[in-house]
Amino acid sequence: MLNKQEGNMYPWVTHTWNPIKGRCPHMCSYCYMRKYWDRLGNPYLDTKCFKDNLGEGNTIFVGSSIDMWAEEIPDEWILEVLEYCSGYPNNIYLFQSKNPYRFSRFQGLFPQKTMLGVTLETNRDYNFSGAPQPRLRAEYLRSWNDTGVKKMISIEPVIDFDLDNFVTMIALCEPIFVSVGADSKNNGLLEPPRQKVLDLISELKKVTEVKVKSNLKRIIG
């Protein structure tokens, strides 16, 4: 089902669409879907979604409830999703992952109006997810720098970082914008102090557009 964007999702996204469902294999400790894990079960392709009318003029986050690019997701499922999206060419499609290495397997098969997104919570190696560490995600995203594909980075939830290294990591990816947000679910993450987050925003604005999410107000006021 194509769902209108609600809640604390990106305000620039109009809809979400999740043809691949189930418990995300990455099982990040802060995941907003965590409370549903016990009943979600293993990932599966919901073929009923291929009857949905995706319309036109929409910005659709495909795979907002599960990282459809996790290694456990079969290539065939992803191909079916990309092919269906391509049948509605007048939308913008956001494909966001913590395993952007997987994007490379499908180069040339994405819909024309595609934006690739990557989550980078920090530049440090923390043990809060089964996904590749952020430094590897950034390296994979950089491989798309000269392809003409638009890229964005989500720093959410922001976790304590090393300012100069983090800004350099992000700048090298050449995103068209960065979205910065905080943990909304009280997961007890190691968050940076207010001034450090403000410094991050200030430095990022020197290299790209920064979109500050409303949930960041809890940290920066």
Residue check, Ser129 among the hydroxyl-bearing types (Ser, Thr, Tyr) and modelled with pLDDT of 95 or more = no
In the stretch 109-124, residue surrounded by the fewest Cβ atoms within 10 Å (Cβ to Cβ) [restricted to those that are in a loop (DSSP other than H, G, I, E, B) and out of contact with any helix residue (DSSP H, G or I) (no Cβ under 7 Å at 6 or more places or on another chain)] | Gln112
When you look at Gly130, is it in a loop (DSSP other than H, G, I, E, B) and out of contact with any Pro (no Cβ under 8 Å at 6 or more places or on another chain), yes or no?
-> no
So which residues in the stretch 93-108 are assigned to a helix (DSSP H, G or I) and either in contact with a strand residue (DSSP E or B) (Cβ under 6 Å, 6 or more places away or on another chain) or crowded, with 18+ Cβ neighbours inside 10 Å (or both), if there are any at all?
-> Pro100, Arg102, Phe103
In this structure, does Pro19 turn out to be in contact (Cβ under 8 Å) with a residue 40 or more places away in the chain, within 18 Å of Ile153 (Cα to Cα) and touching a Phe, Trp or Tyr at 6+ places or on another chain (Cβ under 8 Å)?
-> no
Quick check, is Ile170 free of Cβ contacts under 8 Å to residues at least 60 places away in the same chain, crowded, with 19+ Cβ neighbours inside 10 Å, touching an Asp or Glu at 6+ places or on another chain (Cβ under 7 Å) and within 30 Å of Gly7 (Cβ to Cβ)?
-> no
Assess whether Thr122 counts as being within 16 Å of the chain's Cα centre (by Cα), more than 30 Å from Cys49 (Cα to Cα) and of a type in the set (Ser, Thr, Tyr).
-> yes
Has the stretch 195-203 got any residue that is at pLDDT 95 or above, over 21 Å from Glu139 (Cβ atoms) and not in a helix (DSSP H, G or I)?
-> no
For the subset of the stretch 22-59 comprising residues that are part of a helix (DSSP H, G or I) and touching a Phe, Trp or Tyr at 6+ places or on another chain (Cβ under 8 Å), which member is nearest to Tyr84 (Cα to Cα)?
-> Phe50
Return the residue satisfying two criteria in turn: it lies in the stretch 67-79 and is surrounded by fewer than 22 Cβ atoms within 10 Å (Cβ to Cβ) and under 10 Å from Cys24 (Cα atoms), and of such residues it is nearest to the chain's Cα centre (by Cα).
-> Ala70
Inside the stretch 51-66, can you point out the residues that are over 11 Å from His26 (Cα atoms) and either surrounded by 23 or more Cβ atoms within 10 Å (Cβ to Cβ) or hydrophobic (A, V, I, L, M, F, W, C) (or both)?
-> Leu54, Ile60, Phe61, Val62, Gly63
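The values are calculated or read from the model by the stated rules, or taken from the named source; none is laboratory data. All of these numbers come straight from a predicted model, not from anything done at the bench. Using ideal geometry, Cβ is built from the backbone for each residue, glycine included, and neighbour counts are taken over all protein chains shown.
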